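Down below is the structure, laid out as structure tokens.
The values are calculated or read from the model by the stated rules, or taken from the named source; none is laboratory data. Quick caveat, the model's predicted, so the values are computed rather than measured. Reconstructed Cβ throughout: ideal geometry from the backbone, glycine too, with neighbour counts over all protein chains shown. Just the protein is used for accessible areas: all its heavy atoms, side chains included, with ligands, DNA and RNA removed. Shrake-Rupley method; radii C 1.70, N 1.55, O 1.52, S 1.80 Å.
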Amino acid sequence: MKLSRLFISAIIVLLSNILSSANDSVSISKQGNLIEIALGNDSYRLEICTPGMVRIRMSNNGVFEDGENLMVQKYIWPEVDYRINETDNAYHIETELLNIIVSKQDLKLEFLDRHGRLIHKDFTAIDKSMSYNDNKPECAKELIPGEHFFGFGERMDFIDQLGKKVVLDVGRGIGRPHEVGAYNILEANYSPVPFFMSTNGYGIFFHNSFKTTWDMGYSASGQYKFMAEGGELDYYFIFGPAFTDILEQYTTLTGTSPLLPRFAMGLHVGTYSGGTWGYEHLTSQLYVIQLARKFRELGIPVDILHLDSTWRIFGKINGKGGTSFEWRQPGFPDPKAMFDSLYAMNYNMVGLHIRPRIDNGNVNNYLDQARELGYTYPENGKPGDFLNYFDSTSVDWWWQNCLKPIADLGCMFVKTDEGSAFGRIGNEIEKKGPQGDEIQRLHNLFPIAYAKAPFEKFAENNNLRGLNHTREGYAGIQRYPFIFAGDWPSEWQYFLPVIRAGINISMSGIGAWTHCMGGFEHVADPELYIRWCQFGMFSPIAMLFGMEHPNYKEPWSYGDEALDIFTQYDKLRYSLIPYIYSAYYQMHQTGLPVMQAMVLQYPNDPNTYTIDDQYFFGNDLLVCPVTVKSAKTRTIYLPYGEWYDYWTGGKTGGARYLNVTTPIEKIPVYVRAGAIIPMQPDMNYIGEKDLSTIILDIFPGDGSFTLYDDDGVSHDYLNGKYALTNITNKITDNSLTITIDYPTGDYALPERNYILKIRLLNQPKSVSINNKSIEPSAAALSVENNQPMKPNNWWYNEKEKILLVSCKQTPKEKIMIVVE
């Protein structure tokens, strides 16, 4: 009888372990949350960070690395109550959530929940599941039948990575033509994150900054493994079991996204100032002012503007790949006057594009100065081109000499482009920069240091919350928001991968994300432009930016229909800002992203595992972009429950697929029953009107929403100066009850008018506020026209099936509206 190779391997491993255990004895000690285990020459550390999160480390040559502060923010944890029980074959480390079994024979680990269910275990059919191969750490795990894997950063290839091989190293594809190089979605790696979540109820974060490879059942169906090109074998096991719990613990470890200014929820516009590459001679501050004025004249809301790379002359040493910080002439004779004009038009923030290599210009010689002072990172034993963003003294010099002069003119943030160029061929220059083992360790950390420096410096200088616009990132980049998806062409084939990138990065702890609406390069098909912009307005950050001359993705360049639809969706986004801003606060508190994958909310529904073309925007809006040219319909999936069509108010059951029509002006959006969507009046920029009136778009059912308020710009929210208003929606057979609790928190709200927009199929018999019946209005009312409503009033629109109810709340008053 022939024995299988796997069976023979298992026997060999068993015999090997028996022989080795005769010579090696295991020892264990504990001090606080830290458990140290030794077997032969191998040293391990298990740190119980929380009852559900454990850090596992294996030393190489008996040495453990010191902690870094770019990926992980929290190393000190409160003492956890746990106990260690010893049996003949294993140690059992028990917390209130986990039972961790450590084999005395080979130190392999098993993780069980408190009910004894196997969550996760090391791979058993090899001698060591944790090891170093030529000083490269690797770890092998059992692939439990039925589990699927999500995360890994801004992946554009797949949602579920089961059966895939994933390589994580900051950068994009290399080679010509761009279609197989820079535009290769399989090689796209602008913001990889060595973290995933499993449907078996756990996540793993590989705390290693080297290039990593993840074989997620690609080579063998019964195991997965991860390995790095160097560094330490150091990973965190995070038990949920819910994905939301895993994300909350992961972002507690690596940091949550701080709140951006409230106006950052509005539209961002980028411009080449009228002169993209090859047309630099056309660049001018006049173009920028006229562009800004046209948005205002057309009534297209916008808050933030940035000038891309042609605002400055290209460097004398590194050309397009270097930043001279010297204004291009004759196009920018008076940059301060330009900034003043933009702020006079109520743009809330204006920024400039930079690259990480500093350079000499016609007047300034910043590169020479930095080299002489030792502030650039060495290359081949000589002063290099990259500022040393890892060194605070170098960053201070950079701020004072390069950034502070443009800040004094009016620049309030920068776009830190091309963070992948450190130790790698740059996009615009055939130079790799620094090389060597240390650079391999720093390459993936560089984008974080590069974004961190200006984020903190501008926040301090502006005396308001930080904002940084960056392209590359790694684990921890969420602390310096925001990040965009990169330079993808305006072609249909790249539209869906960009959506996929947003879904994946949101499951990787990075929520403040965006993309170039309509694509970046090439003139877009007007239909693609419309569809992409519809998606863009339902993205965490809404950004319009393109480099094609002379269109530049400006909405009036794509025809009247595109302009009308763009304006419609931009205004809709602005009306939704109370909903969006509250979702950002939730993300800051818990790590739950604004853009949420279907599987994030429904991890037990296998139908969600491969959905890459619909997602939740906030907790309750289900957005389904149209990604096929000339599509008249598209298929959507509604999870379990009841759902409303956002546009028509029609109600339908879930746990099924639907085929819905997709006219060009409509992106399918569904809302879960019970949802409460807070909205604000129309405005052209944030701050144009106060928020004394809030509209609550209510979809009957059982649900709740917590409305977040603060001053919108300062860091006072970090000290508790904010207000939370809990609103509930409850339905019975005969009535609907909406309760608006009084605001809590240290931020004082004035009296506020609420207008309830309730989706209701029939005219109500009665409406009461705090047990007092109110009479219907004698005249038709509408919130769409910003028509004021007197408090304690109601009106039913029979045609649209909408009930409008108005009420006023004082800061210490609870409001209860009952619709019979």
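Along the Cα-to-Cβ line of A242, 7 Å from the Cα, sits a label point; which residues in the stretch 571-610 have backbone N less than 17 Å from it?
Backbone N within reach: 583, 586-605.
If DNA, RNA and ligands are ignored and the probe is 1.4 Å, what is the ranking of I727, I611 by accessible area, most exposed first?
So, going from the largest accessible area down, we get I611, I727.
Take the alpha carbon atoms of the stretch 274-343, find their center, do the same for the stretch 681-733, and report the distance between the two centers in whole angstrom.
36
Quantify how much of the Cα-Cα distance distribution of the stretch 80-221 extends past 17 Å, in percent.
Result: 68 percent of Cα pairs exceed 17 Å.
With viscosity set to 0.692 mPa s and temperature to 37 °C, compute the Stokes-Einstein D of the stretch 759-820, Rh being the Kirkwood radius across alpha carbon pairs; µm²/s, no decimals.
It diffuses with D of about 267 µm²/s by this estimate.
Report the gain in length on full extension from V167 to H715: 0.36 nm times residue separation, minus Cα-Cα distance, nm rounded to one decimal.
Extra length from V167 to H715 when fully extended: 193.5 nm.
Please compute the Cα-Cα pair-distance distribution of the stretch 450-528 with 10 Å bins starting at 0, giving whole percents from short to long.
Each 10 Å bin holds this share of Cα pairs: 18, 41, 28, 13, 1.
FRET efficiency for W556 and L761, Cβ-Cβ distance as r, R0 = 56 Å, nearest 0.05? Could you put the intermediate results ahead of the total?
Working: r = 40 Å, r/R0 = 0.72.
The computed FRET efficiency comes out at 0.90.
Past the 13 angstrom mark, what percentage of all C-alpha to C-alpha distances in the stretch 266-333 do you count?
Numbers: 1471 of 2278 pairs.
Summing the P(r) of the stretch 266-333 above 13 Å gives 65 percent of all pairs.
As a test question: what accessible area, to the nearest 10 Å², does K666 have when a 1.4 Å probe is rolled over all protein chains in place?
Number for this one is 40 Å².
So if we plug the beta-carbon distance of N604 and A337 into 1/(1 + (r/R0)^6) with R0 = 60 Å, what FRET efficiency do we get, rounded to 0.05?
Here the calculated transfer efficiency is 0.50.
Quick check: at a probe of 1.4 Å, how many percent of the accessible area of the stretch 65-124 sits on carbon and sulfur atoms?
Result for the stretch 65-124: 42 percent of the exposed heavy-atom area is carbon or sulfur.
Calculate the translational D of the stretch 370-422 in whole µm² s⁻¹ from Stokes-Einstein, where the hydrodynamic radius comes from the Kirkwood formula applied to all Cα pairs, the temperature is 4 °C and the viscosity 1.567 mPa s.
Values: Rh = 12.1 Å.
For these conditions, the coefficient is 107 µm²/s.
So if each residue of separation counts as 0.36 nm, and I subtract the Cα-Cα distance between T652 and S782, what length gain in nm does that give?
Net length gain for the segment: 44.2 nm.
For the chain, what is the accessible area per residue in Å², given a 1.4 Å probe and the full set of protein chains?
Result: 38 Å² per residue.
Could you let me know the centre-to-centre spacing of the stretch 401-446 and the stretch 464-504, using Cα atoms, in angstrom?
The two parts, judged by their Cα centres, are 17 Å apart.
Given labels modelled 7 Å from the Cα in the Cβ direction, how far is it in nm from K121 to K432?
Distance between the two pseudo-spin positions: 4.4 nm.
Once neighbouring chains are kept in place and the probe is 1.4 Å, which whole percent of the accessible area of the stretch 236-337 is contributed by carbon and sulfur?
Taking all protein chains in place, the stretch 236-337 shows 56 percent carbon and sulfur surface.
Kindly give the semi-axes, whole Å and largest first, of the ellipsoid equivalent to the stretch 15-144, taking each as the square root of 5 times a Cα gyration tensor eigenvalue.
22, 20, 15
Heavy atoms only, 1.4 Å probe, whole protein assembly: order K316, K452 by accessible area, highest first.
Working: K316 125, K452 65 Å².
Of K316, K452, the descending order of accessible area is K316, K452.
Quickly work out the D408-to-N770 label distance, labels modelled 7 Å from Cα along the C-beta direction, and quote it in nm with one decimal.
5.6
E86 versus E491, label points 7 Å from Cα toward the beta carbon: distance in nm?
6.5
Scan around S131 for amide H atoms under 5 Å from its own, H built in the peptide plane at 1.01 Å from N, and keep only partners 5 or more places away or cross-chain.
E138
From Cα pairs below 8 angstrom and at least 6 apart in sequence, can you work out the relative contact order of the chain, rounded to a whole percent?
Numbers: 1950 pairs, mean separation 74.8, N = 820.
Result for the chain is 9 percent.
Mind listing which chymotrypsin sites (Phe, Trp or Tyr not before Pro) in the stretch 627-717 are in a DSSP loop and have 14 or fewer other Cβ atoms within 10 Å?
Y640, W647
Using a probe of 1.4 angstrom, how much of the accessible area of the stretch 530-595 is carbon and sulfur, in percent?
49
Once the Cα gyration tensor of the stretch 336-396 is found, what semi-axes does its equivalent ellipsoid get, as square roots of 5 times the eigenvalues, in whole Å, sorted largest first?
Values: eigenvalues 201, 35, 17 Å².
Sorted largest first and rounded, they come to 32, 13, 9 Å.
Hey, could you pull the Cα Rg and Dmax for the stretch 480-586, both in Å?
My reading of the Cα-based Rg and Dmax gives 13.6, 40 Å.
Do any of K316/K431; K320/K457; K316/K457 go past 23 Å between their Cα atoms, and which?
Table pairs above 23 Å Cα-Cα are K320/K457; K316/K457.
Show me the ranking of peptides 170-179, 593-602, 572-581 by mean Cβ neighbours inside 10 Å, starting with the highest.
The packing order, highest mean first, is 593-602, 572-581, 170-179.
Report the GluC sites (Glu not before Pro) located in the stretch 490-575 that are in a DSSP loop and have at most 16 other Cβ atoms inside 10 Å of their Cβ, or state none.
Sites meeting the loop and neighbour criteria: E491.
Express in nm, to one decimal, how much length is gained between S692 and T728 on full extension, taking 0.36 nm for each residue of separation and deducting their alpha carbon distance. Mind showing how you got there, number by number?
Working: separation 36, 0.36 × 36 = 12.96 nm, distance 2.01 nm.
Contour length minus Cα-Cα distance gives 10.9 nm.
For the stretch 761-776 and the stretch 77-119, compute the distance between their C-alpha centroids and round to whole Å.
Comparing the Cα centres of the stretch 761-776 and the stretch 77-119, I get a distance of 58 Å.
Which loop-located GluC sites (Glu not before Pro) does the stretch 624-707 contain, where loop means any DSSP state but H, G, I, E or B and the Cβ has at most 16 other Cβ atoms within 10 Å?
Passing both the DSSP loop test and the Cβ count: E665, E688.
Just the Kirkwood number for the stretch 129-197, please: inverse of mean 1/r across all distinct Cα pairs, in Å, one decimal.
Details: mean 1/r = 0.0724 Å⁻¹.
When all Cα pairs of the stretch 129-197 are included, the Kirkwood radius is 13.8 Å.
What are the ³J(HN,Hα) couplings of the stretch 165-176, residue after residue, when phi is run through the Karplus curve with 6.51, -1.76, 1.60 and θ = phi - 60°? Round to Hz, x for glycine and proline.
10, 10, 10, 10, 7, 4, x, 10, x, 10, x, 10
Please compute P(r) over all alpha-carbon pairs of the stretch 83-148, binned at 5 Å starting from zero, and give each bin as a whole-number percent.
Result returned by the calculation: 4, 16, 22, 23, 18, 11, 4, 1.
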